Amino acid sequence: MTSIGSVLPVVFLHGVRVSGTMWHPVMRALDAGPARRRAVAPDLPGHGRRRGERFTMDGAVGAAAAAIDELGGRALLVGLSTGGYVSIATAARHPEKVAGVLALGCTARPRGVYASLLLRQFHLAARHPETAERLSVRGFRRVLSAPAAAAMSAGGLSCEAMGDVADAVTATDPVALLADYPGPVWLVNGSRDPFRGDERAFLAACRDGRLAVWPGFGHLSTLSDPQAVARTVQDLAAVVEHRECAAGQGPGARQHRGLFAA
């Protein structure tokens with residue numbers, strides 16, 4: 001367990017078909033910040049160095065939990081899109097390991113129209129991975145800054161895993177999982193993200209939740225501003241650390257005001 005007043009580490013969880021390299025610009029920005037935090041971005045099953053494995057939600061949660069254990073047994077989770085859903089599932093299953101969750105671009109219920117779209121498009125991509133890879137690279141370059149787009153592809157693309165990911169995500173109930181987790185959950189969406197339609201239901205399910213909508217950003221384009229993402233990670237970490245200091249009456253407790261502060 002992380003001791004009171006110590007610096008919380010961070011585990012970053014990537015989206016579908018990419019790998020942990022997608023977080024490298026954010027991790028560099030975090031490393032340059034005021035608090036030096038240990039951070040890792042593991043590859044989930046079926047992706048990056050684990051390409052060829054079957055992706056399941058159980059396997060993804062196991063990968064996240066193992067990464068937390070490598071950092072001492074307790075950490076913040078930061079996930080975007082598929083990584084956000086995995087973060088929520090991990091927090092619900094292992095609340096003692098998860099100090100807080102920053103979930104970006106993952107507040108659409110995997111039901112109804114969204115589930116139908118996800119299943120149809122992802123299974124089509126899995127059947128035609130080479131075409132899906134070309135289209136993905138083109139899309140990354142269109143919506144992201146050059147460094148962010150390069151980071152998305154640096155670990156290779158695993159489009160053949162997309163069908164398994166769609167099956168796993170649509171089989172979960174993230175709203176119910178959020179209700180099971182007692183810790184802080186910060187939800188971040190770009191205002192142009194088409195998958196933010198259920199953000200209020202997600203927020204209402206959180207026992208300790210906050211929601212931020214970043215004007216002008218889309219589903220992935222928040223990654224084009226790694227400094228803003230890194231600042232938000234630092235803000236969440238500072239809130240958790242402040243609460244722990246206050247609860248333990250430890251030295252150095254201070255009120256932190258960040259992007260989410262009221």
key: Test set (1) surrounded by fewer than 18 Cβ atoms within 10 Å (Cβ to Cβ); (2) under 18 Å from S81 (Cα atoms) - E199 fails condition number   = (1)
query = Which one of these does A148 not meet: (1) of a type outside the set (V, I, T); (2) touching a Leu at 6+ places or on another chain (Cβ under 8 Å); (3) farther than 14 Å from V18 by Cα?
reply = (3)
key: Qualifying positions in region 202-220 - surrounded by fewer than 22 Cβ atoms within 10 Å (Cβ to Cβ) and either within 14 Å of the chain's Cα centre (by Cα) or closer than 15 Å to A103 by Cβ (or both)   = L203, A204, A205, R207, D208, G209, R210, L211, A212, V213, W214, H219
Residue in region 170-190 that is nearest to M22 (Cα to Cα), counting only those that are touching a Cys at 6+ places or on another chain (Cβ under 9 Å) and assigned to a helix (DSSP H, G or I) = P174
inquiry  = Return the residues of region 89-105 that are under 13 Å from W186 (Cα atoms) and of a type in the set (G, A, S); say none if nothing qualifies.
reply    = A91, A99, G100, A103, G105
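Okay, residues lined up against (1) assigned to a helix (DSSP H, G or I); (2) modelled with pLDDT of 95 or more; (3) on the phi > 0 side of the Ramachandran plot:
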residue	(1), (2), (3)
R192	no, yes, no
G218	no, yes, no
L223	yes, yes, no
V233	yes, yes, no
C245	yes, no, no
A261	no, no, no
Unmet criterion (only one of (1) surrounded by 22 or more Cβ atoms within 10 Å (Cβ to Cβ); (2) over 12 Å from the mean Cα position of the chain (by Cα)) for L80 = (2)
key: Matching residues in region 135-169 - criterion: being over 21 Å from P110 (Cα atoms), part of a helix (DSSP H, G or I) and either among the small types (G, A, S) or in contact (Cβ under 8 Å) with a residue 40 or more places away in the chain (or both)   = S136, G139, F140, V143, A146, P147, A148, A149, A150, A151, M152, S153
inquiry  = Looking at region 123-138, can you tell me whether even one residue there is within 18 Å of D208 (Cα to Cα), modelled with pLDDT of 95 or more and in contact with a Ser or Thr (Cβ under 8 Å, 6 or more places away or on another chain)?
reply    = no
query = So is A35 more than 23 Å from D180 (Cβ to Cβ) and either within 11 Å of the chain's Cα centre (by Cα) or of a type in the set (S, T, Y) (or both) or not?
reply = no
ask   = Is it true that G52 is in a loop (DSSP other than H, G, I, E, B) and either touching a Leu at 6+ places or on another chain (Cβ under 6 Å) or more than 29 Å from P194 (Cβ to Cβ) (or both)?
value = yes
ask   = Within the group V78, V61, which residue is in a helix (DSSP H, G or I), touching a residue at least 12 places away in the same chain (Cβ under 8 Å) and of a type outside the set (F, W, Y)?
value = V61
request  = State all residues of region 116-154 that are loosely packed, with under 14 Cβ neighbours inside 10 Å and of a type in the set (V, I, T); if no residue qualifies, say none.
outcome  = T131
query = polar (S, T, N, Q) and more than 19 Å from H219 (Cα to Cα): does that describe T90?
reply = yes
query = Out of region 110-134, which residues are in a helix (DSSP H, G or I), basic (K, R) and in contact (Cβ under 8 Å) with a residue 12 or more places away in the chain?
reply = R127
note = When region 43-64 is checked residue by residue, the ones that are buried (at least 17 other Cβ atoms within 10 Å of the Cβ) and farther than 19 Å from E160 by Cα are V61, A63, A64
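The values are calculated or read from the model by the stated rules, or taken from the named source; none is laboratory data. Note that the structure is predicted; figures quoted are calculated from it, not measured. Every residue, glycine as well, gets a Cβ built from its backbone with ideal geometry; the counts of neighbours run over all protein chains shown.
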